[in-house]
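**Student:** Have a look at the structure that comes next, please.
The values are calculated or read from the model by the stated rules, or taken from the named source; none is laboratory data. These numbers come from a predicted model, not from an experiment. Using ideal geometry, Cβ is built from the backbone for each residue, glycine included, and neighbour counts are taken over all protein chains shown. Just so you know, the surface numbers come from the protein's heavy atoms only, side chains and all, with ligands and any DNA or RNA stripped out. Shrake-Rupley method; radii C 1.70, N 1.55, O 1.52, S 1.80 Å.
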Amino acid sequence: MLQDAPAIPTTLMAQFLRWLEERPRYYTETMDAWRSNCPRLSAWEDALEDGLIRLEPARDGATDMQVRVTAKGRARLAG
């Protein structure tokens, strides 16, 4: 019997969240760096679905949305 995959405390997810925390990231940059067609490497989709990240208007007047780690995402990183 197959079990569901664990809920993302993976090395890849931690790497993704740390990358976002390094500095402000825009949606376009994030998609260029982290988009994947492989269902096993879905850090973006999993993080968004689990509420670990959110999109919000850029604070610097840019037209692209910024990707931010949520409090839940920071808690996941902490452990």
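**Student:** Tell me which residues, restricted to the stretch 10-26, are open to solvent by less than 70 Å² (accessible area, probe 1.4 Å), outside any loop (DSSP other than H, G, I, E, B) and under 20 Å from LEU77 (Cβ atoms). If you could, list the steps in order and put the result at the bottom.
**Tutor:** Residues of the stretch 10-26 that are open to solvent by less than 70 Å² (accessible area, probe 1.4 Å), as a first pass: 10, 12-14, 16-17, 19-20, 25-26.
From what is left, the residues that are outside any loop (DSSP other than H, G, I, E, B) are 12-14, 16-17, 19-20, 25-26.
Within the stretch 10-26, LEU12, MET13, ALA14, PHE16, LEU17, TRP19, LEU20, ARG25 meet the criteria.
**Student:** Filter the stretch 27-79 for residues that are under 19 Å from ALA14 (Cβ atoms) and polar (S, T, N, Q); which is least open to solvent (accessible area, probe 1.4 Å)?
**Tutor:** THR30
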